[in-house]
Amino acid sequence: MRLDKFLKVSRLIKRRTVAKEVADQGRILINDVKAKASTEVKPGDVLKIRFGQKLLTVQVKLLKEHPRKEEASELYTVLAEEKIKQETDLNIETFDF
């Protein structure tokens, strides 16, 4: 499944177009590699997503094309959620901390 579609169906990001924009800005890593919206996601992959001043790390548990709202949280496990202190602490190009 494509990254942008997974983010939408898992409800990590509400809209697929927003998920595509976030990926195109280089704010998503899959297994520590910068990902594009079209990158394929599979169970076991670790996603790191930067939302403003927050970094969310999740592991993909399963893929489902049309999960119900209640099932969306079953698609992933949250591994970490951390705040990024300042924008200068984050290098967007290399995604280093």
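Observations, loosely collected:
- Here the stretch 60-97 is the region considered, the condition is being assigned to a helix (DSSP H, G or I) and modelled with pLDDT of 85 or more, and the residue that is most open to solvent (accessible area, probe 1.4 Å) is Lys69.
- Total residues in the stretch 21-41, condition out of contact with any Ser or Thr (no Cβ under 9 Å at 6 or more places or on another chain) and without any contact (Cβ under 8 Å) to a residue 40 or more places away in the chain: 11
- When the stretch 2-24 is limited to residues that are under 16 Å from Glu74 (Cα atoms) and in a loop (DSSP other than H, G, I, E, B), the one that is most open to solvent (accessible area, probe 1.4 Å) turns out to be Arg11.
- Residues in the stretch 25-59 that are surrounded by 13 or more Cβ atoms within 10 Å (Cβ to Cβ) and either assigned to a helix (DSSP H, G or I) or small (Gly, Ala, Ser) (or both): 3 in all.
- The set of residues in the stretch 25-57 being touching a strand residue (DSSP E or B) at 6+ places or on another chain (Cβ under 9 Å), of a type in the set (A, V, I, L, M, F, W, C) and farther than 18 Å from Ser73 by Cβ consists of Ile28, Leu29, Ile30, Ala35, Ala37, Leu55.
- Scanning the stretch 42-77 for residues that are small (Gly, Ala, Ser) and over 11 Å from Asn31 (Cα atoms) yields Gly52, Ala72, Ser73.
The values are calculated or read from the model by the stated rules, or taken from the named source; none is laboratory data. For clarity, every value in this text was computed on a predicted model and none was experimentally measured. Methodologically, a virtual Cβ is constructed for each residue, glycine included, from the backbone with ideal geometry; neighbour enumeration extends over all protein chains shown. To get the accessible areas, we keep the full protein, side chains included, count just its heavy atoms, and leave off ligands, DNA and RNA. Shrake-Rupley method; radii C 1.70, N 1.55, O 1.52, S 1.80 Å.
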